[in-house]
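Asker: This is the structure I want to talk about, given as structure tokens.
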Amino acid sequence: MADSKQQDAQRTAEEVERAAEELKQAAERAQESSQQLAEASEQASGLVSQLAEVASSGPSEFVFLATIFVLAIFVGYYVVWSVTPALHTPLMSVTNAISSVVIVGALIALGADLAASAAGGTSKLLGFAAVALASVNIFGGFLVTQRMLAMYKKKER
């Protein structure tokens, strides 16, 4: 009987030791979690202060221009996809007119006297490329418009 009580006491002592070890591990994990939480809190406060600085300085030029670009994408998408097939030919003519405006800007860039600046050669090269591409677009647009208008003419017998 004494032996059985001694074994029960020994088992109870072992269970207490296991429970104490588990509590110790849980306390260590809680301490690690609190340290990680403190680090995350410091990072968050740093981020908030950086955002406050950015907000107080006003929007940057890049953000402003990127916003306009994204809005132009949405407007262009809805304008192009809402065009009925009957309006395709007039839309092509308007596109050709826009390309003509691009050519005017490209000619200005091409003729700009920027030889002394670092962007002189780049400006002329990009101006030439813009003139070439816009010319192809205008010429092709007029060919497509002419062909589409020919489809509406009465056939001669």
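Asker: Show me the helices (runs of 4 or more DSSP H) found entirely inside the range 1-111 where at least 3 residues are at pLDDT 80 or above and among the polar types (S, T, N, Q).
Answerer: 2-57
Asker: So, one more: Filter the range 1-12 for residues that are small (G, A, S) and surrounded by 10 or more Cβ atoms within 10 Å (Cβ to Cβ) and give the result.
Answerer: Scanning the range 1-12 gives a single hit, A9.
Asker: Tell me whether the range 141-157 contains one or more residues that are more than 30 Å from L87 (Cβ to Cβ), surrounded by 12 or more Cβ atoms within 10 Å (Cβ to Cβ) and in the same structural domain as T95 (by TED's automatic domain parsing). Don't jump to the end; show me each part of the working.
Answerer: Kept after step one, since they are more than 30 Å from L87 (Cβ to Cβ), are these residues of the range 141-157: 157.
Within this subset, residues satisfying the condition of being surrounded by 12 or more Cβ atoms within 10 Å (Cβ to Cβ) are none.
Within the range 141-157, not a single residue is more than 30 Å from L87 (Cβ to Cβ), surrounded by 12 or more Cβ atoms within 10 Å (Cβ to Cβ) and in the same structural domain as T95 (by TED's automatic domain parsing).
Asker: Further question on the same structure: Which residue pairs have Cβ atoms closer than 9 Å, lie 6 or more positions apart in sequence or on different chains, and pair a first residue in the range 65-77 that is free of Cβ contacts under 8 Å to residues at least 60 places away in the same chain with a second residue that is surrounded by fewer than 10 Cβ atoms within 10 Å (Cβ to Cβ) and among the hydroxyl-bearing types (S, T, Y)?
Answerer: Short answer, once both residue conditions are applied: none.
Asker: Right, something else. How do the pairs read when you match residues in the range 113-130 that are over 17 Å from I103 (Cα atoms) and at pLDDT below 80 with residues anywhere that are part of a helix (DSSP H, G or I) and of a type outside the set (K, R), using Cβ under 9 Å and keeping only pairs 6 or more apart or on different chains?
Answerer: Listed by first residue and then by second, the contacts come to D113/G120; L114/G120; L114/G121; L114/T122; L114/S123; A115/G121; S117/S123.
The values are calculated or read from the model by the stated rules, or taken from the named source; none is laboratory data. In this text the structure is predicted, and so the values were computed from the model without any measurement. When we count neighbours, we look across all protein chains shown, and the Cβ atoms used for this are built from the backbone with ideal geometry, even at glycine.
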